[in-house]
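Visitor: Input: one structure, supplied below.
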Amino acid sequence: MITTAWVRPLGQPGGAAADLGGKGESLTRLAAAGFPVPDGFCVTTAAYQAYLQHHDLAAALAAHDDDPEVIARLFAEHPMPGELADEIRASYVDLGTPPVAVRSSATAEDSAAASFAGQLETILDVSGDEQLLAAVRRCWASLWTERAIAYRRRHLVDAGGVGMAVVVQRLVDADAAGVLFTADPVTGATEVVAIDAAWGLGDAVVAGDVTPDTFRVDSTSLTVVSRTVADKRVRTVREATGTALRKVPRHLRRRAALTDDQAIRLARLGLEISRLYQTPIDVEWCRVGDRLFVVQARPITTGGPVPAPDPWNDSLTTYALWTSTNVGEAVPDVMTPMTWSLVETFLGDAMATSSIPPYVGYGRIAGRLYLNLTVIYGVAGALGLSQARMRTLTEDVFGRIPDGLPMPPLHAARLQIAAATIPVGIAVARRARRDARRLPAYLTGHPAVCGRLRATIRRTDRPAELARLWRAEILPGLHTSSWMLSAATRSGGLSLVTTQRRLRALVGDADANAILTGLGGAEGQLASLDLMRGLDDFAAGRLSRAGFSERYGHRGPHEFEVSMPRPGEDPGWLDAQVTSRALNGSGYRALMESQRQARQEAWARLRRAHPRQAKRIERTINRWSTMARNRESARSEVVRYFWVLRAYVIRAGALTGLGDDAFFLDAEQLLAALDGAPVDRSAIATARRAYDAYRRMPSYPPVILGHFDPYAWAADPQRRTDLYTDNYDVATSAVVRGFPGSAGQVEGTVRVVMDPADGGELTDGEVLVTSVTNVGWTPLFPRVAAVITDVGAPLSHAAIVARELGIPAVVGCGNATALLHTGDRVRVDGSAGVVERLTGPPR
């Protein structure tokens, strides 16, 4: 293969990053050392400079460095100079003109300071001279995309000093591919080589489109110490028109993409590369049959081994009993720092009486939201409520505390607690009475307020102006939404937790269940069901796409996490829902009508059996239904406001040049950045690392007592998913038992679904088993025969919606997803809160 100033074979020793870029230099080094690198060549940085000089593009790039679309057109419209094109063609002929992968290789790329991972262009499955030349120009242009410019600015890389080479390699039509780290990406420990693997080409793994298999190989003994085989739903494959993301055949989805022997060979390969580089290494690899290839290697940009990140863990600073049963469905995700700061403000208003400084009734455990029952029960005890009474009143909301599990004491004097709490309670009660009068007008007008604020945010084009908007309108609006939800919840007193219990005692579970559906027959509908009504109206043409987004686009499975898009931002989400409903049928209105008839019959039985009490019960239920409807509507408006907050953070990221790094600051830090203060980039990097590490964990137990180490828990093959204690031995149940969420009995086949995005796998009439649900799951409910959840209580989302639709539900089981598997045949008794496993999945 020819060697010139413009083209250099990968197998030829030597060559500096200044000529070959970071990726090209690395692959040349690996190939020269004998590692299995697919053969190819590198179009050097000198070729890039020759192209710019030939067309006199340097001045145009400098003039338009803030307009990536203009720059893309410049590269697309200016052809490759003839002599340069001829040399690239000749190298391609020497390679045999196979399909190739064309990858950018910037001079600042794949360094220990900045990897540029995912920032620059890679084009797979390129065939033919002209397609190759066009792909090289696309790689050159990718140095000037918006994301690459933002990345350089974040990492203080001077654009004028960055050159661009391009690597051209024979495309490996891989059976499987993935990445490996010679230092564990979560803990930073070098004792273990971490390998991710999935079917097809490597794009799906690198882009995060698939959950890969994971292997951990001991670096000394070269033995596999752990493996997790994931449900790999998609893969990147070659097709006639290029590469595409396609479904994995069902027989491969749960089959490991590597054998243990292949994982060990990969680990050995990674360790040999690490010794060559004398630093921990991140390697992209692929496999064809039993043959392994290295397609990229770079230093791990964390700078080597570091302690396991666990900075957002309040269980480590206080010995307490924690639960996520009530809050886990609303905020199921690991929270970015920005989301946590906003949720803290919201909870500080909505749960003002649950804390007495320095004790707070909520906190983070490994990045997830939990309530601190030690503080909440301690405050209640100081005000005269016994622990037994408190457990009775709050079980429907906070879930059941296992028998034998102690409540750690709150180490504060009773008078101190009362003195701190009573004035706050009086102030909150007064504000709640005031806000209750304003609530109807607020619920009517708030959607328009949110629409106006989002439009104002979009129009704001100066950082200082955006900072003023926060202080003048955005933050006050968050307080208002939080106070309104507090007022709606408090307006019914204890009726939220007592009405159902009294009615069950009088008429039994089935009739109580029926009477309380549809708000007891009152006018209106719970906001939890609005998403289904909106989908019906859109599918029937009664509501436009824009109208759906405006009314319902704020509701979804991740509605409090401001870093995640809302359904209203994703047209594909709405189209997928409509397609799924057309294929599977909604059944929503039919179920509601069936429940209406059951409610009328239950009321008739109540009036016949208890004529004197019926009128009093009806008045109580009317008050309860008004409170329930207002509470759900107010909560929906809080969620709508979090969409406003998301829009604000996105705009602030754009105006400050932070981009999505803005989500890894808290609100005060972002405001300071808008005011011109310097940003601590190292703190952002640390926050990102902690966030990514926590998100790799399985969901934590809903009840935690004591100091919780998420890494030790996740590494324990015998870990419990229902409960964690560090000092107490509480019996493990082999039975799936929880709260009676919604009455009724049914038999059916289990379908375990852990993400509502995978709801297309559900077949009508199956039993949905999952960890936790929220409004984003609601469109799936009409299709299922029953619902079973790990997390929940009688007033949780799964129970409320299941009751409204007449679907049996058992919630708050703790161990359902651990004991039940897709294909199991079960009998669900929603009245008793018991699930009986009849048979296992078919083999």
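The values are calculated or read from the model by the stated rules, or taken from the named source; none is laboratory data. Bear in mind that the values here come from a model prediction, so they are computed numbers and not experimental data. Ideal geometry is used to build each Cβ from the backbone, glycine not excepted, and the neighbour counts take in all protein chains shown. Ligands, DNA and RNA are stripped out before the accessible areas are found, and what is left, the full protein with its side chains, is counted by its heavy atoms. Shrake-Rupley method; radii C 1.70, N 1.55, O 1.52, S 1.80 Å.
Visitor: Tell me, please, whether a residue that is out of contact with any Lys or Arg (no Cβ under 9 Å at 6 or more places or on another chain), in a loop (DSSP other than H, G, I, E, B) and within 28 Å of Val126 (Cα to Cα) can be found in the range 212-228.
Guide: Within the range 212-228, none of the residues are out of contact with any Lys or Arg (no Cβ under 9 Å at 6 or more places or on another chain), in a loop (DSSP other than H, G, I, E, B) and within 28 Å of Val126 (Cα to Cα).
Visitor: Just give me the residues in the range 559-581 being assigned to a loop (DSSP other than H, G, I, E, B) and over 15 Å from Ile650 (Cβ atoms), in sequence order.
Guide: Glu559, Phe560
Visitor: Does Gly706 satisfy the criteria of being at pLDDT 90 or above, over 21 Å from the mean Cα position of the chain (by Cα), open to solvent by less than 40 Å² (accessible area, probe 1.4 Å) and within 23 Å of Ile365 (Cα to Cα)?
Guide: So Gly706 passes the test.
Visitor: Residue by residue through the range 391-410, note down the ones that are charged (D, E, K, R), open to solvent by 20 Å² or more (accessible area, probe 1.4 Å) and not in a loop (DSSP other than H, G, I, E, B).
Guide: Arg391, Glu395 - these are the residues of the range 391-410 that are charged (D, E, K, R), open to solvent by 20 Å² or more (accessible area, probe 1.4 Å) and not in a loop (DSSP other than H, G, I, E, B).
Visitor: Just name the residue that is surrounded by the most Cβ atoms within 10 Å (Cβ to Cβ) out of those in the range 340-390 that are in a helix (DSSP H, G or I) and within 23 Å of the chain's Cα centre (by Cα).
Guide: Here the answer is Leu342.
Visitor: Checking the conditions here, which among Val769, Val752 is open to solvent by less than 10 Å² (accessible area, probe 1.4 Å), in contact with a His (Cβ under 9 Å, 6 or more places away or on another chain) and either of a type outside the set (S, T, N, Q) or more than 21 Å from Ser699 (Cβ to Cβ) (or both)?
Guide: One residue alone meets the criteria, Val769.
Visitor: Please state which one of Tyr700, Tyr694 is under 16 Å from the mean Cα position of the chain (by Cα), more than 18 Å from Glu559 (Cα to Cα), part of a helix (DSSP H, G or I) and at pLDDT 90 or above.
Guide: Tyr694
Visitor: Another question, if that's okay. Between Gly792, Gly744, which is of a type outside the set (Val, Ile, Thr) and open to solvent by less than 10 Å² (accessible area, probe 1.4 Å)?
Guide: Gly792
Visitor: Taking His554 as the residue in question, decide whether it is within 24 Å of Ala798 (Cβ to Cβ), part of a loop (DSSP other than H, G, I, E, B) and either without any contact (Cβ under 8 Å) to a residue 60 or more places away in the chain or open to solvent by 40 Å² or more (accessible area, probe 1.4 Å) (or both).
Guide: Here the answer is no, as His554 does not meet what is asked.
Visitor: Six or more apart or on different chains, Cβ atoms under 6 Å: show the pairs whose first residue is in the range 61-80 and outside any loop (DSSP other than H, G, I, E, B) and whose second is of a type in the set (S, T, N, Q).
Guide: Pro68/Thr145
Visitor: Suppose we filter the range 81-102 for residues that are crowded, with 16+ Cβ neighbours inside 10 Å and in contact (Cβ under 8 Å) with a residue 60 or more places away in the chain; how many remain?
Guide: The number of residues fulfilling the criteria is 10.
Visitor: Take Met564 and tell me if it is under 26 Å from Val644 (Cα atoms) and either open to solvent by 30 Å² or more (accessible area, probe 1.4 Å) or at pLDDT 80 or above (or both).
Guide: Spelling it out, Met564 is indeed under 26 Å from Val644 (Cα atoms) and either open to solvent by 30 Å² or more (accessible area, probe 1.4 Å) or at pLDDT 80 or above (or both).
Visitor: How many of the residues in the range 806-824 are open to solvent by 20 Å² or more (accessible area, probe 1.4 Å), part of a loop (DSSP other than H, G, I, E, B) and of a type outside the set (S, T, N, Q)?
Guide: Residues flagged as open to solvent by 20 Å² or more (accessible area, probe 1.4 Å), part of a loop (DSSP other than H, G, I, E, B) and of a type outside the set (S, T, N, Q) within the range 806-824 amount to 3.
Visitor: Any chance you could count how many residues in the range 2-30 are at positive phi and touching a strand residue (DSSP E or B) at 6+ places or on another chain (Cβ under 8 Å)?
Guide: 2
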